[in-house]
Amino acid sequence: MKKYKIIEETERINSHGATVYRIVALKNVGHDVKKGDIGGWIANESNLSHYDECWVYDEAEVFGNAKITWDAQIRDHSKIKDNAIIYGYAIIEEYAEISGNAQIGDNVIVCGRAQVWENVVLWDVVGVSGNAIIRGNAQIRGTGEIKGNARIGGNVQITGWPVIKGNARIEGHAKIGGSAIISNYVGGYSIVTHGEVIESPSKYFGSAFDYEITITDNHIQIGREVHTKKEWANFTDKQILKMDGTRALTFWKMFKPLLIAMGEIKEIIKENEKE
């Protein structure tokens, strides 16, 4: 038995130029939708599965080739379009917008005015809020928070329970995990698994550096090498050579004083902010 039907008389053109219709429940759905309740808007029955307890509420809209399955909830004024798929127990609410080929599942919550598009995959218990935008081929799982004006793109991979906030911008092939706190730029092949990213010199100097560099509160990452500030300061030329040959040694001799100083200065600034 179908769980809802389209109310043909409610036909309208939405702000994206798609024709959508209200739905009405033909039976109880889940714990809060009763037979006869009016739901949100869909373009056709392929947008909302008749199985399980998924539902479109309020003024939310699902159109294009988008699909809502399992027990997912689409609420408030949120919009799901294009080829997006929402499944599991995911909740999309407020003014959030999901588009492109994005896939969102499990217990993910996307709210505020957050946007998720292109080929992004979100699962587990990730929370996305504020004005955050996630795009590209980003894959995000775990229990992390992405909020504020954060921007994530490229081939970024995020796991663990990090907090990505403020005006953070993460791109390239960066990998974020563990308990990392990001509120700045991280790019290239950076790997951040703990601590707070204080600065990324590449943001300012771009291709002047041969390696992608990230400075956290405890560590400095250069290329794929991650070590404490003290370890970097004490490395011998022989140890640096083993990392990436003469290219690494030439780079280190040129930029060592600057990078160590940046780490120390940012540490002082952070301490002053606490006072």
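Looking at the chain as a GNM with Cα springs under 10 Å, which of Ala84, Ala114, Ala248 has the largest mean-square fluctuation?
Ala248
Could you quote the convex hull projected area for segment 6-98, Cα atoms only and averaged over all directions, in nm²?
5.1 nm²
Each residue of segment 30-37 in turn: what ³J(HN,Hα) in whole Hz from Karplus with 6.51, -1.76, 1.60 and θ = phi - 60°, glycine and Pro shown as x?
Karplus values, whole Hz, x for Gly and Pro: x, 9, 10, 10, 9, 3, x, 5.
Describe numerically, in nm with one decimal, the distance between label points set 7 Å from Cα along Cα→Cβ at Thr228 and at Lys34.
6.3 nm
Roughly how big is the chain's charge dipole about its Cα centre, with Cβ charges of +1 (Lys, Arg) and -1 (Asp, Glu), in debye to the nearest 20?
520 debye
Return one number: the angle in degrees, 0 to 90 and rounded to the nearest 10, between the long axis of the Cα atoms of helix 237-274 and the longest principal axis of the Cα atoms of the chain.
Rounded to the nearest ten degrees, it is 70.
Which three lengths, in whole Å and largest first, does segment 66-147 cover when its Cα atoms are put on their principal axes?
23, 21, 20
On a full-extension model of 0.36 nm per residue, what is the gain between His77 and Thr10, subtracting their alpha-carbon distance, rounded to one decimal in nm?
In short, 22.4 nm is gained.
Taking the Cα centre of segment 1-123 as origin, work out the dipole magnitude from +1 charges on Lys and Arg Cβ and -1 charges on Asp and Glu Cβ, in debye rounded to 20.
I would put it at about 300 debye.
Calculate, axis by axis, the spread of Cα positions in segment 1-157 along the three principal axes, and write the results as whole Å, longest axis first.
43, 32, 22 Å, listed from the longest principal axis down.
Return the distance in nm (one decimal) between the two label points of a simple spin-label model at Trp70 and Leu241, each offset 7 Å from Cα along Cα→Cβ.
Reported label-point gap for Trp70 and Leu241 is 5.4 nm.
Mind checking which of Asn234, Asn83, Asn119 has the largest fluctuation in a GNM of the chain, springs on alpha carbons under 10 Å?
Asn234
Taking N as the number of residues in segment 219-262, what is its alpha-carbon radius of gyration divided by 2.2 N^0.38 Å?
Against the compact-globule rule of thumb, the ratio is 1.02.
Per q in 0.13, 0.15, 0.17 1/Å, what log10 I(q)/I(0) does a Debye calculation on the alpha-carbon atoms of the chain return?
-0.82, -0.98, -1.16
Which FRET efficiency value, to the nearest 0.05, is calculated for Asn44 and Tyr95 with the Förster distance at 25 angstrom and r the Cβ-Cβ distance?
0.60
None of the figures in this text is laboratory data; all of them are computed from the coordinates on show. Model, not experiment: these values are computed from the prediction. In this analysis, Cβ positions are derived from the backbone assuming ideal geometry, glycine residues included, and neighbour counts consider all displayed protein chains.
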